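For reference, the structure discussed in these notes is given below.
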Amino acid sequence: MDISNTTQVLSTFNDVKTHVGSIDILINNAGIIVGKSFSEHSHEEIDKTISINTSALMHLTKEALEGMITQSSGHIVNIASAAGLVANPKMSVYCGSKWAVIGWSDSLRIELEQDHPGVKVTTVVPYYINTGMFSGVHSPIIPILKPLPVAKAIIRGIKKDSPFVRLPSIINFLPLLKGLLPLRLFDLFVGKWLGVYKCMDHFKGRSK
């Protein structure tokens, strides 16, 4: 289905509920990136990025939650990004979409812990993953992640009911660094010393 089409999402979930039943685990993994300066984005690209990366996760989760709440068990896994913690050139709309996912996902976690503690939420915050989506990205200091170890870490997070899975471990320190360092010093550390602000300079992405 086209997850940016809410009508298709509702129709598909209706079929699942009819033929399969309630869902035990929902992994919201779909995402896209345009990979250029904000001024170069079209309005269509903005809408599509937000629709797929953010809104679709909410609609999919809304449909899955009904059965999870009824059976008092279930797990929602939302794949966000380290770009939801750190602003990055040529990723502005993508960053915005992932910042929204992190805020929504953790708010959902707190709501469910208060009202329906059997339903868990895990927010996954990875660095770049070598899936082809970020082809051309160059990261001189922080290694680009391999898909299989990330997938295994997500499964471990589900089994442990972890609120967050951040990969690699340095990502755990980003909120602390942002809170402690003056903005310009944070820009210097992350942007220049770690080279994060230059990662997208040669971005290619998927061929289609």
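Rule-based calculations on the coordinates, nothing more; no lab input. Everything quoted here is computed from the prediction, not taken from an experiment. Cβ sites come from the backbone with ideal geometry, for glycine too, and all protein chains shown count toward neighbours.
In straight-distance terms, cross-link reach from K159 covers every one of the aspartates and glutamates whose alpha-carbon lies under 15 Å from its own, apart from those fewer than eight places away in the same chain; here that gives D24. Say we join alpha carbon atoms closer than 10 Å with springs in a Gaussian network model of the chain; which of D15, D24, D187 then has the biggest fluctuation? Checking each option, the largest mean-square fluctuation is seen for D15.
Among V86, V137, V20, what is the fewest-to-most ranking by other Cβ atoms within 10 Å?
On the way: V86 23, V137 18, V20 9.
With the fewest neighbours first, V86, V137, V20 line up as V20, V137, V86.
In the chain, a dipole from Cβ-located charges (positive for Lys and Arg, negative for Asp and Glu) runs towards its positive end, and of N78, C199, I46 it is C199 whose Cα lies farthest in that direction.
Charging the Cβ of each Asp and Glu at -1 and of each Lys and Arg at +1, and nothing else, the dipole of the chain about its Cα centre rounds to 920 debye. Taking Lys and Arg as +1 and Asp and Glu as -1, the other residues whose beta-carbon sits under 12 Å from that of P117 total -2.
With the simple model of a label 7 Å out from the Cα in the direction of the Cβ, N130 to E66 spans 4.3 nm.
Provide the gained length on full extension for the span Q114 to L183, in nm with one decimal, where the gain is 0.36 nm per separating residue minus the Cα-Cα distance. Provide the component values of the computation, followed by the final result.
Numbers: separation 69, 0.36 × 69 = 24.84 nm, distance 3.49 nm.
Fully extending the segment from Q114 to L183 adds 21.3 nm.
Applying 1/(1 + (r/R0)^6) with R0 = 35 Å to the Cβ-Cβ distance of K192 and D2, what FRET efficiency is obtained, to the nearest 0.05? Write out the running numbers ahead of the final one.
Values: r = 40 Å, r/R0 = 1.15.
According to the calculation, E is roughly 0.30.
Against the chain, whose longest principal axis is taken from its Cα atoms, helix 56-71 shows a tilt of about 40°. Put the Cα centre of segment 119-133 next to the Cα centre of segment 4-74 and the gap is 15 Å. Taking the charge dipole of the chain about its Cα centre, with +1 at Lys and Arg Cβ atoms and -1 at Asp and Glu Cβ atoms, the residue from G21, G179, S105 reaching farthest to the positive side is G179. Partner aspartates and glutamates whose Cα lies under 15 Å from the Cα of K198, excluding those fewer than 8 positions away in the same chain, are identified as D187. Between the Cα long axis of helix 147-159 and the first principal axis of the chain there is an angle of about 50°, rounded to the nearest 10. Across the cross-link table entries K146/K204; K62/K120; K48/K120; K36/K98; K36/K120, which are compared at the Cα atoms, the separations over 25 Å belong to K48/K120; K36/K120.
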